[in-house]
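J.: Sharing a structure with you now.
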Amino acid sequence: MRRLALIALPYAWLLALFLVPFGIVLKISLSDIALAIPPYTPTLDFSGGWAGLKSFVSQLDFENFVFLTTDDLYWKAYLSSLQIAVIATFLTLLVGYPIAYGMANAPDHWRATLMMLVILPFWTSFLIRVYSWMGILSTEGYLNQLLLWAGLISEPLTILNTPVAVYIGIVYTYLPFMILPIYSALERMDGSLLEAAEDLGCSRLTAFWLVTVPLSKNGIVAGCFLVFIPTIGEFVIPSLLGGSQTLMIGKVLWEEFFNNRDWPVASAVAVVLLLILIVPIILFQRNQQKQQEAEG
């Protein structure tokens, strides 16, 4: 009974906050748009009994999913989101790995301070941090003023409302999610392995590639998944920093819900997005399981 109670709590949490909402969204995705409140039909009514339930089920269809395959906007948005998520994850890895490596090799009395500096941005609202980048990257922003003052450019650069601004915002926002798992992997690494590799004739760079990088693979994989999964459905950053030129599925989803009030199509978009995310989520869980088995 104790084991059952222990397992039942997370499963009840999963049922209440994931499976039930997903079931509602899936039902709406199989409905049709209507000028009503809620703006779709049919709605479930238990007063009709079994006959009413059969009539309700018979009115559900997959027309919204078929519509997604006929309109170029949606599959282009999915592909664009995948492209941006992959590139942003790679850039975050390029920036985050050296930071994590420096933290892992810093003196012990500095590590807590460096860890606090990495986590410190989370103490500020996410929206405030994104809005601050609008002030930094705008034509009259601090970045252009600094470059003009240094004489590196003769006229302000157009960075805001471009894909470059989106990448900057994503890398800045999700950088801690990349640094922390890599730092955790590097911190546990046995330094004597590098000494042994150098004693066997490896240079420091060769020892880094042959010893350090493979031993930090689990941290790299975990960090990439933690950045890629939320980035692919990101809405705030492309809306504020990318402008109308940046096409991501999160923006399309918001516009369908709030501008077009087409809840069935928006729900179908959300269901497909979730199905796409299931693949990296499963891979991430398998990687975590292998890591726990290796540590055990």
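J.: Mind listing whichever residues of region 133-186 are loosely packed, with under 15 Cβ neighbours inside 10 Å and not hydrophobic (A, V, I, L, M, F, W, C)?
T.: G135, T139, E140, Y142, Q145, G151, S154, E155, T158 - these are the residues of region 133-186 that are loosely packed, with under 15 Cβ neighbours inside 10 Å and not hydrophobic (A, V, I, L, M, F, W, C).
J.: Does any residue in region 137-156 that is assigned to a loop (DSSP other than H, G, I, E, B) come within less than 9 Å, Cβ to Cβ, of a residue that is small (G, A, S) six or more places away or on a different chain, and which pairs are these?
T.: G141/G135; P156/S138; P156/G141
J.: Within region 162-185, can one find any residue that is part of a loop (DSSP other than H, G, I, E, B) and either small (G, A, S) or within 30 Å of Y131 (Cα to Cα) (or both)?
T.: The initial filter retains those residues of region 162-185 that are part of a loop (DSSP other than H, G, I, E, B), namely 162.
Subset that is either small (G, A, S) or within 30 Å of Y131 (Cα to Cα) (or both): 162.
Yes, the conditions are met somewhere in region 162-185.
J.: Filter region 209-243 for residues that are free of Cβ contacts under 8 Å to residues at least 60 places away in the same chain and within 23 Å of I159 (Cα to Cα); which is surrounded by the fewest Cβ atoms within 10 Å (Cβ to Cβ)?
T.: My answer is F235.
J.: Among L114, L120, which is assigned to a helix (DSSP H, G or I) and modelled with pLDDT under 90? Step through it out loud before you land on a result.
T.: Numbers: L114 fails: modelled with pLDDT under 90.
Just a single option satisfies the conditions, and that option is L120.
J.: Another question, then. So, in region 71-85, exactly how many residues are of a type in the set (D, E) and in a helix (DSSP H, G or I)?
T.: The initial filter retains those residues of region 71-85 that are of a type in the set (D, E), namely 71-72.
Of the ones still in play, those that are also in a helix (DSSP H, G or I) are 72.
Qualifying residue count for the region: 1.
J.: Within region 52-70, track down each residue that is in contact (Cβ under 8 Å) with a residue 12 or more places away in the chain, part of a helix (DSSP H, G or I) and of a type outside the set (S, T, N, Q).
T.: F56, E63, F65, F67, L68
J.: Is it true that some residue in region 265-281 is touching a strand residue (DSSP E or B) at 6+ places or on another chain (Cβ under 9 Å) and either among the hydrophobic types (A, V, I, L, M, F, W, C) or modelled with pLDDT of 90 or more (or both)? Break it down stepwise before answering.
T.: As a first pass, look at region 265-281 and keep what is touching a strand residue (DSSP E or B) at 6+ places or on another chain (Cβ under 9 Å): 265, 267.
Keeping just the survivors that are either among the hydrophobic types (A, V, I, L, M, F, W, C) or modelled with pLDDT of 90 or more (or both) gives 265, 267.
For region 265-281, residues touching a strand residue (DSSP E or B) at 6+ places or on another chain (Cβ under 9 Å) and either among the hydrophobic types (A, V, I, L, M, F, W, C) or modelled with pLDDT of 90 or more (or both): present.
J.: Given the structure, is T92 assigned to a helix (DSSP H, G or I), loosely packed, with under 14 Cβ neighbours inside 10 Å, β-branched (V, I, T) and at pLDDT 90 or above?
T.: On the way: assigned to a helix (DSSP H, G or I): yes; loosely packed, with under 14 Cβ neighbours inside 10 Å: no; β-branched (V, I, T): yes; at pLDDT 90 or above: yes.
No: the conditions fail for T92.
J.: Still on this structure, I have one more. Got at least one residue in region 193-206 being exposed (fewer than 13 other Cβ atoms within 10 Å of the Cβ) and basic (K, R)?
T.: Checked against the condition, which is being exposed (fewer than 13 other Cβ atoms within 10 Å of the Cβ) and basic (K, R), region 193-206 yields at least one hit.
J.: Hey, can you tell me all the residues within region 115-149 that are over 20 Å from the mean Cα position of the chain (by Cα) and closer than 12 Å to P176 by Cβ? If you could, list the steps in order and put the result at the bottom.
T.: Initially, region 115-149 is screened for residues over 20 Å from the mean Cα position of the chain (by Cα), giving 115-117, 132, 134-149.
Within region 115-149, M115, M116, L117 qualify.
J.: Take the residues in region 1-51 that are in contact with a Phe, Trp or Tyr (Cβ under 9 Å, 6 or more places away or on another chain) and assigned to a strand (DSSP E or B), then tell me which one is farthest from V66 (Cα to Cα).
T.: Checking each candidate, the answer is Y40.
J.: Pull out all pairs, ordered by first then second residue, where Cβ-Cβ is under 6 Å, the residues are six or more apart or on different chains, the first lies in region 76-89 and is over 15 Å from L247 (Cα atoms), and the second is buried (at least 16 other Cβ atoms within 10 Å of the Cβ).
T.: Note: pairs meeting the criteria are T89/C224; T89/V227; T89/F228.
The values are calculated or read from the model by the stated rules, or taken from the named source; none is laboratory data. From a predicted model like this one, the values you see are computed outputs, not experimental measurements. FYI the Cβ positions are ideal-geometry reconstructions off the backbone, even for glycines, and counts take in every protein chain you see.
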